[in-house]
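What follows is a short report on a single structure.
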Amino acid sequence: MSLKQLNILLADDDTDDCIFFKEALEELTIATGLTAVHDGEQLMQLLTNETNELPHVLFLDLNMPRKNGFECLTEIKLSEKLQQLPVIIFSTSFEQEVVNLLFKNGAQHFIRKPSEFSQFKKIIQQSLMLIAQGSIMQTTQENFVLTLQSNLHPI
């Protein structure tokens, strides 16, 4: 996939995480555009608006007000317009049962939010590299959870 800019949509109610995400993108070598929404209802309104172009990827937090990440993921994967949108779950929780359910419900990857900014930046870079390479849709259960130990080449 040859892109001049990756358009990213971030759905996260945590203001600090949104700031860290934006700062991490600014330090990467790949050009990105970021739109952020802070609850699930805002997210679904933005995605279902006929005049909006879909982003290249959605980073989706699970625990949001008004409509949580699970509900949003289900709606996205049931929508003919949205079902091809790559969704990367970006959450602080990491329960194997939840991760398995997210995989079954159509998320492309799961990332556990790291606490250190340097790790935060690296994991975002790794996930964006997958998108830029166009390989994000070929997820198996074995490579569903992205970690810093993944054997990925830098952007």
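The values are calculated or read from the model by the stated rules, or taken from the named source; none is laboratory data. Only a predicted model underlies this, so the values are computations on that prediction, with no experimental measurement involved. Please note: Cβ atoms are built from the backbone with ideal geometry, for glycine as well, and neighbour counts cover all protein chains shown.
Observations
- Test: residue in region 72-95 that is modelled with pLDDT under 90, hydroxyl-bearing (Ser, Thr, Tyr) and either touching a His at 6+ places or on another chain (Cβ under 8 Å) or crowded, with 16+ Cβ neighbours inside 10 Å (or both): yes
- Across region 121-150, the qualifying residues are those that are in contact with a helix residue (DSSP H, G or I) (Cβ under 7 Å, 6 or more places away or on another chain) and at pLDDT 85 or above, and the one among them that is surrounded by the most Cβ atoms within 10 Å (Cβ to Cβ) is ILE124.
- For region 98-120, taking the residues that are of a type in the set (D, E, K, R) and in contact (Cβ under 8 Å) with a residue 24 or more places away in the chain, the one that is surrounded by the fewest Cβ atoms within 10 Å (Cβ to Cβ) is identified as ARG112.
- Any chance LEU28 is modelled with pLDDT of 90 or more, on the phi < 0 side of the Ramachandran plot and surrounded by 14 or more Cβ atoms within 10 Å (Cβ to Cβ): no
- Candidates ASN52, ASN7 - the one that is in contact with a helix residue (DSSP H, G or I) (Cβ under 9 Å, 6 or more places away or on another chain), of a type in the set (S, T, N, Q) and farther than 20 Å from PRO114 by Cβ: ASN52
- Here LEU102 clears all of (1) more than 20 Å from GLU23 (Cα to Cα); (2) at pLDDT below 90; (3) under 14 Å from the mean Cα position of the chain (by Cα) except the condition numbered (2).
- Every residue from region 85-99 that is farther than 14 Å from PHE20 by Cα and not hydroxyl-bearing (Ser, Thr, Tyr): LEU85, PRO86, VAL87, ILE88, ILE89, PHE94, GLU95, GLN96, GLU97, VAL98, VAL99
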